[in-house]
1. Compute the separation of the alpha-carbon centres of segment 154-199 and segment 32-64 and state it in Å as a whole number.
2. Using only the Cα atoms of segment 53-143, build the gyration tensor, take square roots of its eigenvalues as a ≥ b ≥ c, and label the shape rounded, prolate or oblate: rounded if a/c is under 1.5, else prolate if a/b is larger than b/c, else oblate.
3. Taking every pair of alpha-carbon atoms in segment 116-199, what share in percent sits in each 5 Å bin, from 0 to the bin with the longest distance?
4. Using just the helices of the chain, give the 222 nm mean residue ellipticity in deg cm²/dmol: DSSP H runs with n ≥ 4 each add -39,500 (n - 2.57), and the total is spread over all residues, rounded to 500.
5. Give, in nm to one decimal, the length gained when the segment between residue 190 and residue 16 is fully stretched (0.36 nm per residue of separation minus the Cα-Cα distance).
6. Expressed as an acute angle from 0 to 90° and rounded to the nearest 10, what is the orientation of the C-alpha long axis of helix 16-26 relative to the principal long axis of the chain?
7. Between residue 39 and residue 182, take the C-beta separation as r, use R0 = 25 Å, and let me know the FRET efficiency to the nearest 0.05.
8. Pick from 135, 67, 112: which is most flexible by mean-square fluctuation in a GNM of the chain where alpha carbon atoms under 10 Å apart are linked?
């Protein structure tokens, strides 16, 4: 491993299984969209990972709703620090938003959010937790609330456990991913520009 190999983080992607584990257990993310004047904006959001999509909810009057109706491109970021004893690393999902305002979606989503990782706060579904979930579900049930489905378009992931293993020489070659353009092309160009490239 050369002195610059630690800069090549794109070679440590999550496996699909580890990605699914983190998304299923996290319950909280940063959701990002773009305003009409071009600013990127994000908020911390509770979410449900269901059927290969992320689902969030908010009031229909929120700025993010009008922004997503104008441009459905968005992203969602999940950190492994939100999941004790879960996968260590981070996931960024570039996606497109679909806005739902129907009773059928509400019927499955509200219970899933209230009893999922966010609603349980990582704890067990005890009778007390069930009582709290029922109350949370009731608070969610508002005629002004819509549900946003985020359909994945591209994944950007970092498996920090792989990187740690590689640092001490214990990562099998088959667990590395191919370097992305930032590492395969732009990193060598930048090293050369700074006089740090190999001769």
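1. 31
2. Numbers: a/c = 2.67, a/b = 1.16, b/c = 2.31.
It is oblate, given that a/c is not under 1.5 and a/b is not larger than b/c.
3. Once binned at 5 Å, the Cα pair distances of segment 116-199 give 3, 9, 10, 10, 12, 11, 9, 8, 8, 9, 5, 4, 1, 0.
4. Values: 7 runs with 65 residues, N = 199.
So the helix-based figure for the chain works out to -9500 deg cm²/dmol.
5. Numbers: separation 174, 0.36 × 174 = 62.64 nm, distance 3.10 nm.
Result: 59.5 nm gained on full extension.
6. Approximately 40 degrees, to the nearest 10.
7. Details: r = 24 Å, r/R0 = 0.95.
After rounding, the FRET efficiency stands at 0.60.
8. Looking only at 135, 67, 112, the biggest GNM fluctuation is shown by 135.
We did not get these values from a lab; they are worked out from the coordinates using the rules stated. None of these values were measured; they are calculated from a predicted model. Please note: Cβ atoms are built from the backbone with ideal geometry, for glycine as well, and neighbour counts cover all protein chains shown.
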